[in-house]
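Before any comments, here is the structure.
The values are calculated or read from the model by the stated rules, or taken from the named source; none is laboratory data. What you see is a predicted model; the values in this text were computed from it and never measured. For neighbour counting, all protein chains shown are included, and Cβ atoms are generated from backbone atoms with ideal geometry for every residue, glycine included.
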Amino acid sequence: MLRLEKRPNPSKMWGYLAPVLAVIATMIGGGVMFALLGKDPFEAIRTIFYDPLFSEFAWYYRPQLLIKGAPLILIAIGLSMGFRAGIWNIGAEGQYIIGAICGAGAALAVYPFDSALIFPVMILCGAIGGFAWAMIPAILKTKFGTNEILVSLMLVYVAEQLLASMSLGLMKNPEGFGFPGSRNLQQYASAHNAELWAGSGIHLGVVFALIAVIFSYIMLARHQMGFHIRLTGESPKAAKFAGVNPNKLVIYCLGFSGALAGLAGMFEVAGPSGQISIDFNVGYGFTAIIVAFLGRLNPFGIMLAGLLMALTYIGGEIAQSSLGLPSAAIQAFQGMLLFFILALDMLTNFKIKLVNAEVRT
Amino acid sequence: MKLKSILAIALLAMTAATGTLADTTKVGFVYVGPVGDGGWTYEHDKGREAVVAAFGDKVETMYVESVPEGPDAERVMTDMALKGADLIFTTSFGYMDQTINVAAKFPNVKFEHATGYKQSDNVSVYSARFYEGRAVQGHIAGHMTKSNIVGYIGSFPIPEVIRGINAAYIHAKAVNPDVQFKIIWAYTWFDPTKEADAAKVLIEQGADVVLQHTDSTAPQAAAQAAGNVITFGQASDMAAYGPKPRVSSIIDNWGPYYIARTQAVMDGTWASTSTWDGIGAGMVGIGEITSAVPADVKASAEALRDSLADGSYHAFTGPLNKQDGSVWLKAGETAADYAGPEGLAEMGFYLEGLDSEVPN
């Protein structure tokens, strides 16, 4: 008989091994699913994981990994801070939207004026927008003790309505023949978040994502705030004893994650996406939650997890067009990844023991 | 000698390349929803299947479903072009700028963008005159309503939807001067929960006819549950809800257009065009009018449909005033497609008699 026994300390080895095993288990589970759908499982897995990196057209897909991965990493880094301290910002999607609206709004307000100052102002506005949106659940929590999970999540839907209203009203392209959606910022040089090197996929958002990874690593390892976050997550009582102010921590964690999500939205709307439209947001804020956990809330882990997630998206699309796999199968495949990572997580904290039934009776 | 062998290899490669080109034409489809949505994307995929049925193994199709409008769409299109697609249909308005971007990088690939307005040398645009179908719906709705309240579930306040509301309203009013339209904006194209809620609210407000510009069958189900309410299928026939509540439908029929455009690519006659076809060309289909509709109403609705099809009647024929009472079309005048904010393409105003306001 199998029995679970709690480890006195989380296993370091399993901490590293679990994500790798989860990916392998996903490949096996996904392979079985693809086979049941009548597709060659090996070809499907190869298409998803190998083709974007090493196939004939990898020169196109590899930069796309950065474009798709950067917002995921940027948001997940912010979320991981709060998650470590038990502060659950589920509404990054909303902060992402508001960051985009504020960033794009700053540019559209001065269109077609050209200035090198416009882009830095947009970055600032994007970060402030996301920060301010996250302050709503933060202040409600610290002042009235509301649940930040519910408030931040509900604010996503509010943000979506605001986005639709902007696309149809205030920010609608006056030369757009009455159709919804703003001007395309890709055609507005001062506001365009262009690739730093053509064809590389590296825009300023990618650079910011990398900076965020390094910054959060240093902060967690070296800074007092990082220590407070870790301490609160590991032992709230000890944290209180050590003089950690929980309200300050809530404000800090929600504000930081909101600002990063806002930045991600701003870089997206000014670059790859180009315009404020009703369907601008595609779920980065929610997927980033998966990325944060897949990366063990560790900054470098998150970076790898974000790229892996981007790989499954891009590979999944290739598999759809070349193998005819339905998109629902790709989503189920991504769901398996989260399922296995959570399941195998257990091994980090628990030992499996073989128990002799006779001894127990 | 060396040069000769290089030339020979080059020639071989070229014949091989043109050989495969001549064999199959690759056609890609980018879908905004899942093919099983029973509405917009479902009908586009039926168009794709019609292409396969028409050309057999002379054509190879590929598609990606549920592609978000934005950079993901650009990547999917590029991926298809890299894989050698000759023709790519991008089937949502939100793919417009992405289609133009990718088309500029692949001048030899032909693109067809649905419902947009940006064309280029290798980008055509196409759309359907759904408002013609709305005229027929309005006609039936005006006859059938007993409460004189017609409910309308709008998706987004864009020209396409506003045209539909206007067309339905003026044709309902023509046969029933007391008719009133109640409009609810769902701000979605496909969301069964929101659509069902909207339908229920409209029915509670007394509507006994519910028109929808959203794609799910949820309003049909809500009408069925409520009893004496009639509906119309949207995008696809939704015949499962007939003969009542669903009494007729507007069907998107892309197959003939997709076949013609694929043929044009095969023949080398493809050119960038702007197509806006209606009932006449078969792009808009009117689903069977069921037995729940009295025979005389059915006959007059079919007569209206036929007059729209043969062009003897335009769905927007004056005299028509705007909501504020100002003249839009003089008696006998018909609406122009493209005339700035006054034209059908950009229609952003309600016509006289509608008592709500266009949200913005």
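Filtering segment A:263-301 to residues that are of a type outside the set (A, V, I, L, M, F, W, C), touching a Phe, Trp or Tyr at 6+ places or on another chain (Cβ under 6 Å) and away from every other protein chain (no Cβ under 14 Å) leaves only A:299.
Sort out which residues of segment A:187-212 are touching a Leu at 6+ places or on another chain (Cβ under 9 Å), in contact (Cβ under 8 Å) with a residue 60 or more places away in the chain and assigned to a helix (DSSP H, G or I), and write them in order of number. Hits for segment A:187-212 are A:190, A:191, A:204, A:205, A:206, A:208, A:209, A:212. Flag set for residue A:24, criterion: of a type in the set (Val, Ile, Thr) and without any contact (Cβ under 8 Å) to a residue 12 or more places away in the chain. A single member of A:239, A:212 is in contact with a His (Cβ under 8 Å, 6 or more places away or on another chain) and of a type in the set (A, V, I, L, M, F, W, C), and it is A:239. Take the conditions (1) of a type in the set (Val, Ile, Thr); (2) surrounded by fewer than 17 Cβ atoms within 10 Å (Cβ to Cβ); (3) within 14 Å of chain A (Cβ to nearest Cβ); residue B:269 misses just one of them, which is (3). Restricting segment B:151-171 to residues that are away from chain A (no Cβ under 13 Å) and β-branched (Val, Ile, Thr), the residue that is surrounded by the fewest Cβ atoms within 10 Å (Cβ to Cβ) is B:170. Going by the structure shown, is residue B:194 more than 25 Å from residue B:42 (Cβ to Cβ) and not in a strand (DSSP E or B)? No.
Residues of segment B:173-188 that are among the charged types (D, E, K, R) and either within 22 Å of residue A:168 (Cα to Cα) or outside any loop (DSSP other than H, G, I, E, B) (or both): B:173, B:182. Reported count of residues in segment A:98-135, each being aliphatic (A, V, I, L, M), within 18 Å of residue A:184 (Cα to Cα) and in contact with a Gly (Cβ under 6 Å, 6 or more places away or on another chain), is 3. Here segment B:238-250 is the region considered, the condition is being under 20 Å from residue B:44 (Cβ atoms) and buried (at least 21 other Cβ atoms within 10 Å of the Cβ), and the residue that is nearest to the chain's Cα centre (by Cα) is B:250.
Residues checked against (1) in contact (Cβ under 8 Å) with a residue 12 or more places away in the chain; (2) within 24 Å of residue B:285 (Cα to Cα):
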site: B:152; (1), (2): yes, yes
site: B:167; (1), (2): yes, yes
site: B:171; (1), (2): yes, yes
site: B:175; (1), (2): yes, yes
site: B:193; (1), (2): yes, no
site: B:197; (1), (2): no, no
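Can you tell me how many residues within segment B:301-338 are within 21 Å of the chain's Cα centre (by Cα), outside any loop (DSSP other than H, G, I, E, B) and outside the structural domain of residue B:134 (by TED's automatic domain parsing)? Number satisfying all stated conditions: 0. Inspection of segment B:241-261 finds a residue satisfying the criterion of being closer than 26 Å to residue B:145 by Cβ and in a helix (DSSP H, G or I). Taking the stated definitions as given, is residue A:215 farther than 25 Å from residue A:115 by Cα and at pLDDT 90 or above? The answer is yes for residue A:215. Exactly one residue among B:234, B:220 is buried (at least 22 other Cβ atoms within 10 Å of the Cβ) and assigned to a helix (DSSP H, G or I), and that residue is B:220.
The set of residues from segment B:229-247 being in contact (Cβ under 8 Å) with a residue 40 or more places away in the chain, touching a Lys or Arg at 6+ places or on another chain (Cβ under 9 Å) and of a type outside the set (Val, Ile, Thr) comprises B:232, B:233, B:236, B:237, B:238, B:239. From the list A:160, A:175, the lone residue that is out of contact with any Pro (no Cβ under 7 Å at 6 or more places or on another chain), in a loop (DSSP other than H, G, I, E, B) and among the charged types (D, E, K, R) is A:175.
Of the helices (runs of 4 or more DSSP H) entirely within segment B:35-139, those holding at least 2 residues that are under 14 Å from the mean Cα position of the chain (by Cα) and within 14 Å of chain A (Cβ to nearest Cβ) occupy B:40-55.
Determine whether segment B:286-298 contains at least one residue that is crowded, with 18+ Cβ neighbours inside 10 Å, in contact with a Phe, Trp or Tyr (Cβ under 7 Å, 6 or more places away or on another chain) and either modelled with pLDDT under 95 or within 21 Å of residue B:141 (Cα to Cα) (or both). Checked against the condition, which is being crowded, with 18+ Cβ neighbours inside 10 Å, in contact with a Phe, Trp or Tyr (Cβ under 7 Å, 6 or more places away or on another chain) and either modelled with pLDDT under 95 or within 21 Å of residue B:141 (Cα to Cα) (or both), segment B:286-298 yields no hits at all.
Pairing residues of segment B:122-140 that are in contact (Cβ under 8 Å) with a residue 40 or more places away in the chain with residues that are buried (at least 24 other Cβ atoms within 10 Å of the Cβ) and basic (Lys, Arg), at Cβ distances under 7 Å and at least 6 apart in sequence or on separate chains, gives B:122/B:110. The set of residues in segment A:183-202 being within 11 Å of chain B (Cβ to nearest Cβ) and buried (at least 18 other Cβ atoms within 10 Å of the Cβ) consists of A:183, A:184, A:185, A:186, A:201.
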